[in-house]
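First the structure, in the form of structure tokens, and then the observations on it.
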């Protein structure tokens, strides 16, 4: 037992840092596992659809069947909407994550070493809304490098949309960063959008 008043702050600091690091690594591992699992679920659904008879009707029935049974077995998180998002996730990222030509088979995509997801599922739900693969890749990289939360990612996407809207309304004017900042703020004020930084 330590005498009263005697503390070992450096030891406490080192142990705390070790525990924080371990906790962060565990969160990253869990997120990567979830995202990869959802990607694989999407892949399996797409492969199954390709063997189905009448695709549209078959797909709807399969979604209902899977949703009902997976929810019963694993709890919430497997609604028809979520399953559609997993399918869309595979379709969006299997194309972006492969280097070879478009005729690549699904088996090759599954085995591709390039598939590496570093963000949370919530990040990818936001990123999937971006149609342009290069723009989506840019925001994925920025989110990872800058450790953006989902809210920060959403804020970045919001400002890009506002700037695009402003640019589309001013065809021949020379546009400066100051002009964009002022007009972005003005747009937000007029439309009663609260900006928080």
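The values are calculated or read from the model by the stated rules, or taken from the named source; none is laboratory data. All figures in this text were calculated on a predicted structure; none of them were measured in a lab. All Cβ positions, even for glycine, are placed from backbone atoms using ideal geometry, and neighbour counts span all protein chains on display.
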> Do we have any residue at all in region 189-196 that's out of contact with any strand residue (DSSP E or B) (no Cβ under 6 Å at 6 or more places or on another chain), surrounded by fewer than 15 Cβ atoms within 10 Å (Cβ to Cβ) and modelled with pLDDT of 70 or more?
Replying inline: no
**Asked** Given the structure, is residue 184 surrounded by 13 or more Cβ atoms within 10 Å (Cβ to Cβ) and modelled with pLDDT under 50?
**Response** no
